[in-house]
Structure formats: structure tokens, C-alpha cells
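The values are calculated or read from the model by the stated rules, or taken from the named source; none is laboratory data. Everything quoted here is computed from the prediction, not taken from an experiment. Note that we place each Cβ from the backbone using ideal geometry, even for glycine, and neighbour counts take in every protein chain shown. What goes into the accessible areas is simple: the full protein's heavy atoms, side chains included, and nothing from ligands, DNA or RNA. Shrake-Rupley method; radii C 1.70, N 1.55, O 1.52, S 1.80 Å.
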2 protein chains.
Amino acid sequence: MKHIAKKSILNVKPYVPGKPIEEVKRKLGLQDVIKLASNENPYGPSPHVLAAISKAAHNLNRYPDGDCYYLRQALAQHLDIEPNQLIFGNGSDELIVMAVRAFVNEGDEVVMATPSFLVYDIASKIAGANIHAVPLKNFRYDLEGMKAAITDKTKMVFLGNPDNPAGTYLSEEDVRHFLKGLRNDILIFMDEAYFEYVEAEDYVNSIRLLRTHKNIFVTRTFSKMYGLAGLRIGYGIGGPSLCDVLNRIREPFNVNSLAQVGALACLEERAYYRTIAKKISTQRRYLYESLSSMELEYVESCTNFILIKVKAKASKVAQKLLEKGVIIRDMSFWGMDHYIRVTIGTEPENQKFIQVLEEVL
Amino acid sequence: MKHIAKKSILNVKPYVPGKPIEEVKRKLGLQDVIKLASNENPYGPSPHVLAAISKAAHNLNRYPDGDCYYLRQALAQHLDIEPNQLIFGNGSDELIVMAVRAFVNEGDEVVMATPSFLVYDIASKIAGANIHAVPLKNFRYDLEGMKAAITDKTKMVFLGNPDNPAGTYLSEEDVRHFLKGLRNDILIFMDEAYFEYVEAEDYVNSIRLLRTHKNIFVTRTFSKMYGLAGLRIGYGIGGPSLCDVLNRIREPFNVNSLAQVGALACLEERAYYRTIAKKISTQRRYLYESLSSMELEYVESCTNFILIKVKAKASKVAQKLLEKGVIIRDMSFWGMDHYIRVTIGTEPENQKFIQVLEEVL
């Protein structure tokens, strides 16, 4: 059927996710496997969240509330915005795809950084867009370069903030400077999947920017800090008109019932998640120190993952780590042949990773 | 932001789902509300399925298996097909949207029946397709008319079987006759969301047709008979080449973990679901008899819903039923001003519906 498919989709390299723990156990015959490959929260959601999910399961024969009423009300209040400024997705990656589908015509241009989150590239290619991918400079967005890449045909700009896989962030000043003088008919997609991990005081307040910039769309997720990656729920924040456009192409029941209930419960668990943020912060320092003592370079991260330069082929290192039951991400796919990306796990997980990495190198 | 959105999506009337029970209670201040509006299984999934879901919840911090490995193996065996002939969706409605996105270019033509499932129309309009909607004849697909509507530009044909909202089906002979002489570069989308309810012996065996027709794509769901509408999972069956094309635009984690676990458990519960099919069958007869004794016309259905001609404006009847706590579907939106569609519920639900309908009329 390839001959009758849209041409734009046949050139797309599909996204390669981190391997599931079960799969590695099954294929390599291992008992003990840890996964530091997909930037998941290793502690999981709180007991309160799990209880809310279990309680709601008896109602699964009913379609979800397509409007996410209760979650919408609570989140709007939490963020101090209007309920009609929100749209929910089957993970925030669905919102990336929806935004591209709604705004990008064949032949339009899309500006993004490289390396960056692969779904920006995949979704844009499927839409038949021409992509201007501007290389990172010293592992940070080259905003001058990205601004220079904008032409009359540019329809959309992706700002991953913090970005994946580098783990660096854009400040209030960075973003304001970038926006200055920019046409307001370009959609600025600010992907803040790692928002909850950022401690930097000069990190941009994107929701405040929405008041003056109707062309900004901010996405966040319950998959990372909130530990609900398996349930699939993310959200987008934008002006009512932008959300209305996206709602027209949203599938009516795109967010499942348990995800809605789980996300709502997460919002009631601030203390629990603050504790997790602290643990991750402590473990980040542990990893920095361990890597330094191994004389390995890494990129300082404001997220729950770290990009590390290994003194060997990343593909080989990744394979050897895998054989010892440690799943991390080989960055060769991104053209970074000597880099791996490692999620910050629990204390024992990080210790195991460091120990195995020492053996392997 | 409407001025920069794709033109094709601004003409789309969004899908209006059946109202959630919670919403009706909240807005009308009612305690006792039954929902017979969304063709859900009123009994819910089996205790075994619910237990499997609860057991898997501890793992929600991990991304789902994007490949749906275990479910894929089990379902392939169950259907006697190869694992690479399957693709899973966030409900089968996601697969409708994916198929249109993958194959339909702007200006292509899509043939469907009217009235039919609204998502066919919405997805095709968003893609910028020209739609040929062929009216039902006596509440059945007019396959001759649909075949006559096919032109050189036709890229896709939707066959809902059984169809919604009519509840009628296509036989083996109907479909074979339709396919005869048809170009093989037209995607034939056979939506079998209500497959498990069909008792007719001459119902088409679509999986057998796949062996000779690489351009057929069949979808089914765990939302209807299996009672997992809230979890969102459906699947498509086609040739490996067709599935490969669709996989390229699939979001990597489109099916949540609990949906995968729940669906797998459903496949182990054949006896439970056979019992439900029997109950629905019995209740269908009860509704037929009650409607006949009220001298109301209805369409004989092979599904868990019935299209009923009320002797008044459907919108008014629906509103009055709603005020008495019975949610059904007003068919005015489909241009059927005197029809309502009612899901077959439990025995007490159906009795309440009949009682309230008598009061209202």
C-alpha cells in the first residue's frame, strides 16, 4: 500500500523509544534490569494518586469525559488561567502532532533546534513541511541562529524548554529577546515537559507571556515529574482562539478516564512531588560527582536526565550496559556518536549505573 | 489564531458526544441518571479484567510498550493472523484519523454513507477531501450507489459494518459484490466496532477477505462489547505493508499501559462476554416488543443500540428524557428530525427508558 500513501510520510524515520524493561528481560534473559532511558520518575505516582486511579476503574465501561471537566477546572485554578485556555492530550506528544496538523501546510517552514526532541521533526516531516534545524551552540539553543532561519514561509518554531536531550533551558530574557520583532502569525510552540524539575530563578514564565503573545502555545505533561507516563496525559496552554482551533481536530475521547482522575489527584499532592524533586536534585549532584571523578564530561542539566560524553562509541557502550541490565539512551541516532543520555534514577539505580559504566569503560 | 490555521479544519463541525452521566447530574441537579447514549456495555468489564488493570497500576511511571508486544501476540493468535498485521489505537477512532492522514491528500475523494459515524466525515474534511456521502436506502448501505460514486479521484471508502446509527450490517455477498471490479488502490476501511454483537450467519468474514485484498483495513474496538471505553483501545487489521504505513504516523506511545493489560485480560474472558451478548440479545427483544406495543417504528439492529422513530420532534423528546434522567441520542444532528438512538442497557435501565418514554410521548 506504500504506493498510494502520502509521499511525505514515507521519508520519515520512526521514533525509536527507550526499550521497555520487560522486553530487555525477555530478549536478553536477564532478571535484574533497570531503565534509565526514558526520563521517567523512578518513584512513581503517590499512593493517593494510585488509590484514586483504582477507585475509578469500576467506571471504565463509560467513555471518558471528552471535555476533562473536573481536571480542567482544577488545573485552570492551579495555573491561574481560564478553563478555555487549556487543551488536553494523550500525552503532550499528541499536542505536538495536533499543532502541526492544525497549522502547518505542505511547503510551510518549521524552525527547530538540532539535536532536539525527535517528534518535532517527525510531525513536521509528515505534514510535508520544510525543516530548518539549527544546531545547538555549546549545548544551548542558538536563538540568534534560529531567528535568522525564520523566513516569510515560517509557520512554526519549536522551543523545547528545557530541551531534550541537552537538558539546558531558556531564560526569561532569552525568550523575550527572541520574540522581539517576530511576526505574530508564527506559532511558537514551547514544550515544557520538564518544567517541574527546573530550579533556575531566571527560567521563563511562559504563562505570563501568553497574555501578550496569542501565538504562543505551552505544553506540559504528567508523564515526567508526576510519574504517569504509562497513562498518557499532557496539556497545552494557549489563548482561547488557539485552543479552539486545536479542539477542532482533537479526537473526542483522546484522554482516557483514569488519566483524568490520576492527573487531578496529582495536583493535590504538592508535598509528595516536592520531595521527589529534592531527591532528583540530590542524585543529580551524586551523578555529577561520580562522572567527574571518572573524568567524563557531561552537560549540566536542569532536568531529570544528563547528557554524558563517553570515551568510546556510544552505541557500543549502550549495548554493553544493556547486557548488564542497564538501559540508557545511545545518542548516535541524533548524530552524537560519543554521547549517552541517562535518566536520574533512584539512589541504588544511579549507583548501579555508575558501577556498571566504570566496568564497561 | 484562526487566520493562520489550515482552512480545511475551520469548516468542521466538531463531534458532539453523548453527555456524561456526571455532567447531567451536575447541570440538572439530578440524583438518578442513566446513560443510553454512547453504545457502552452497561455491565462493564469482568472482575478478572478489573483486577488485571489494578495490578498493573503500580507501573504507571513507565512509558507503555509502544509495540503492545503481549497484547499483539495474544490477539494475533486469537484472530489467526500474523502479529505484523495488527496496529493498535487510542480507541479505533484514532485509527480512522490515522488512515485518513496517511492516505488522503487534499482534493482526493472519500466515499461514505449518510447518516453514518460522524468521525469518517470529520477526519476526511480535516484532510481537505471531497466527500461523496451516499444516503442509506431503507436504513441499509446503498452499495450500488456507493460504487457509482467512485471516481478516478477516490482514495478511500468507509464501510461501517454494522453501521452506526442504523445498526444494520453488510453480508459476505454484499461486500464481495461491492469489491468486484473495484480498483485495488482504493483503501476500503471496514469499521467493525460492533463486530462482537453480530449474530447473523451471513455477516462478512472480513479477515478472510484480507488474504486477497491488500487494500482492506478492518478496525475493531475494546470500547463496546468489552466494556473498556474509558481506557481507549481499538485495533486495526490489515496487510503488513498497510500496517507499516500507518505505523509511521502513529505516536510512539499512543496506547496506554492499562489499556494494553485490560485488553489482554478481556481475551481470556470469552465466557463472561458471551453471557453479556446473550443479555443484550434478550433485552433487544424486550425493547422491540415494548416499542411495538407503543406503536413506534424502529430499525432492526444487530448491535447494542436501536434507532427509533418517535412521533414528535426528536430534539424535544431527547430534552424531556434528559430532564427525567435518561440520556439518549437525538438524531436531529444527522438530519433525522424524528429519530432517537438508544443503547440497550441493563434490564432495569431499559424498563426505566420505556416507562419514561411513554410518559414523555
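Structure notes:
- Single residue of segment B:170-193 satisfying the filter (part of a strand (DSSP E or B) and within 14 Å of chain A (Cβ to nearest Cβ)) that is surrounded by the fewest Cβ atoms within 10 Å (Cβ to Cβ): B:I188
- Test: residue in segment A:212-223 that is under 30 Å from A:D152 (Cα atoms) and free of Cβ contacts under 8 Å to residues at least 12 places away in the same chain: yes
- Pick from segment A:75-96, criterion more than 10 Å from every other protein chain (Cβ to nearest Cβ) and polar (S, T, N, Q), ranking: surrounded by the fewest Cβ atoms within 10 Å (Cβ to Cβ): A:Q77
- Residue in segment A:30-66 that is most open to solvent (accessible area, probe 1.4 Å), counting only those that are at the interface with another protein chain (Cβ under 7 Å from one of its Cβ atoms) and among the small types (G, A, S): A:S54
- Residues (part of a helix (DSSP H, G or I), of a type in the set (A, V, I, L, M, F, W, C) and more than 8 Å from chain A (Cβ to nearest Cβ)) located in segment B:218-258: B:C243, B:L246
- Here A:R72 meets each of (1) facing another protein chain (nearest Cβ under 7 Å); (2) without any contact (Cβ under 8 Å) to a residue 40 or more places away in the chain; (3) buried (at least 20 other Cβ atoms within 10 Å of the Cβ) with one exception, condition (1).
- Of all residues in segment B:97-110 being closer than 10 Å to B:A129 by Cβ and under 19 Å from the mean Cα position of the chain (by Cα), the one that is nearest to the other protein chains (Cβ to nearest Cβ): B:V100
- Residue check, B:C302 within 14 Å of another protein chain (Cβ to nearest Cβ), under 20 Å from the mean Cα position of the chain (by Cα) and not aromatic (F, W, Y): no
- When B:A102 is tested against (1) without any contact (Cβ under 8 Å) to a residue 40 or more places away in the chain; (2) surrounded by 22 or more Cβ atoms within 10 Å (Cβ to Cβ), exactly one condition is not met: (1).
- For segment A:245-258, the candidate set comprises residues that are in contact with a Pro (Cβ under 8 Å, 6 or more places away or on another chain) and farther than 14 Å from B:I122 by Cβ; within that set, the residue that is most open to solvent (accessible area, probe 1.4 Å) is A:S257.
- Selection within segment A:194-213 - in a helix (DSSP H, G or I), of a type in the set (A, V, I, L, M, F, W, C) and more than 16 Å from the chain's Cα centre (by Cα): A:I207, A:L209, A:L210
- Residue in segment A:156-169 that is more than 25 Å from A:D244 (Cβ to Cβ), surrounded by fewer than 23 Cβ atoms within 10 Å (Cβ to Cβ), among the small types (G, A, S) and in contact (Cβ under 8 Å) with a residue 24 or more places away in the chain present: no
- Matching residues in segment A:326-361 - criterion: being small (G, A, S) and either closer than 21 Å to A:Y286 by Cα or in the same structural domain as A:A133 (by TED's automatic domain parsing) (or both): A:G345
- Output for segment A:8-29, where each listed residue is more than 9 Å from chain B (Cβ to nearest Cβ), open to solvent by 40 Å² or more (accessible area, probe 1.4 Å) and part of a helix (DSSP H, G or I): A:K25, A:K27, A:L28
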